[in-house]
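Remarks on the structure that follows.
The values are calculated or read from the model by the stated rules, or taken from the named source; none is laboratory data. It should be emphasised that the depicted structure is a prediction, and the values quoted were computed from it without experimental measurement. Note that each Cβ is placed from the backbone with ideal geometry, even for glycine, and that neighbours are counted across all protein chains shown.
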């Protein structure tokens, strides 16, 4: 695997390879087994959007793999002062072994891969969030023992998380249902991809989507960069697009709840439901570390 730009680029076999390696690395980590397979390697971490989980998990992951990570904000790079992305890609390719970037436009990630000569890992764009969804799939498989045939449901805004969950779930043989308000649907590219799958549905009614679900996902109503829309979005989503105990009553017994965090209790999920499923949610957060270590190992290892 050369890059991780979006899950649309990966085959089912490649996703499974990442998940299997993530399980192995997690087991070794828990049992005190060192795996310095990236000794001497350096990862540049470019952050145009801030993050708790992305920065800490990638930095810790590189350390545990025997390498090092450099935190690079727009203030640290000439890209923040207008240097062309193609020039930044070619310069950084001379210094470091890989780049993880968390930014706004998907094109910026794709251009780094196009003009650079080192692996590029998408830490989040407005279009997709592949690293998070790999951790999500890993967590569901840990709890349920499989992915194929399970029903995944997503309730909320058709954002980058929704896009990646649809692609990742369908490629791994899951039944995928999504409920969003009108006008807040997932990206048209993803919906075109999903047309090839009879096991995908997009509706407006959360209860219809959640019926017989084995795992329910949600996310904040207003993502980073949409803060000015928060009040308008609250009017659209409030009282309907929320994961709560009433919604879980129509899901399968033992239905998991997942949230990529940060969570706004009382909005997209009730405090009661969040706390009941906190172990699952924070296992999901922890698995960012292990899934990303697998991606790093596959992309950067000689």
> For the range 193-218, how many residues are in contact (Cβ under 8 Å) with a residue 60 or more places away in the chain and in contact with a strand residue (DSSP E or B) (Cβ under 7 Å, 6 or more places away or on another chain)?
Replying inline: 7
> If you check residue 263 against the conditions, is it assigned to a helix (DSSP H, G or I) and either in the same structural domain as residue 56 (by TED's automatic domain parsing) or under 22 Å from the mean Cα position of the chain (by Cα) (or both)?
Replying inline: no
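Could you pull out the residue among 59, 48 that is more than 25 Å from residue 145 (Cβ to Cβ) and in contact (Cβ under 8 Å) with a residue 24 or more places away in the chain?
Working: 59 fails: in contact (Cβ under 8 Å) with a residue 24 or more places away in the chain.
Going through 59, 48 in turn, just one is more than 25 Å from residue 145 (Cβ to Cβ) and in contact (Cβ under 8 Å) with a residue 24 or more places away in the chain: 48.
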> closer than 19 Å to residue 10 by Cα and buried (at least 24 other Cβ atoms within 10 Å of the Cβ): does that describe residue 113?
Replying inline: no
>> Just to check your reading of the model, which residue among 79, 85, 101 is under 22 Å from residue 6 (Cβ atoms), surrounded by 14 or more Cβ atoms within 10 Å (Cβ to Cβ), outside the structural domain of residue 223 (by TED's automatic domain parsing) and touching a strand residue (DSSP E or B) at 6+ places or on another chain (Cβ under 6 Å)?
In response: 101
> Does the range 66-86 contain any residue that is within 19 Å of residue 22 (Cβ to Cβ), in a loop (DSSP other than H, G, I, E, B) and more than 21 Å from the chain's Cα centre (by Cα)?
Replying inline: yes
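Looking at the range 222-236, which of its residues are in contact (Cβ under 8 Å) with a residue 60 or more places away in the chain, part of a loop (DSSP other than H, G, I, E, B) and under 16 Å from residue 186 (Cα atoms)?
To start, the set of residues in the range 222-236 that are in contact (Cβ under 8 Å) with a residue 60 or more places away in the chain comprises 222-225, 233.
Remaining after also requiring part of a loop (DSSP other than H, G, I, E, B): 222-225.
Residues satisfying the conditions are 222, 223.
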> Here is a list of conditions, (1) over 24 Å from residue 147 (Cα atoms); (2) in a helix (DSSP H, G or I); (3) in contact with a strand residue (DSSP E or B) (Cβ under 6 Å, 6 or more places away or on another chain), and residue 241 meets all of them except one; can you say which number that is?
Replying inline: (2)
> Of all the residues that make up the range 204-221, how many are part of a loop (DSSP other than H, G, I, E, B) and buried (at least 16 other Cβ atoms within 10 Å of the Cβ)?
Replying inline: 5
> If you check residue 230 against the conditions, is it surrounded by fewer than 16 Cβ atoms within 10 Å (Cβ to Cβ), at pLDDT below 95 and either within 28 Å of residue 52 (Cβ to Cβ) or under 20 Å from the mean Cα position of the chain (by Cα) (or both)?
Replying inline: yes
>> I'm trying to understand the selection: among the residues of the range 156-166, which are over 13 Å from residue 218 (Cβ atoms) and either out of contact with any strand residue (DSSP E or B) (no Cβ under 9 Å at 6 or more places or on another chain) or not assigned by TED's automatic domain parsing to the domain that holds residue 241 (or both)?
In response: 163, 164
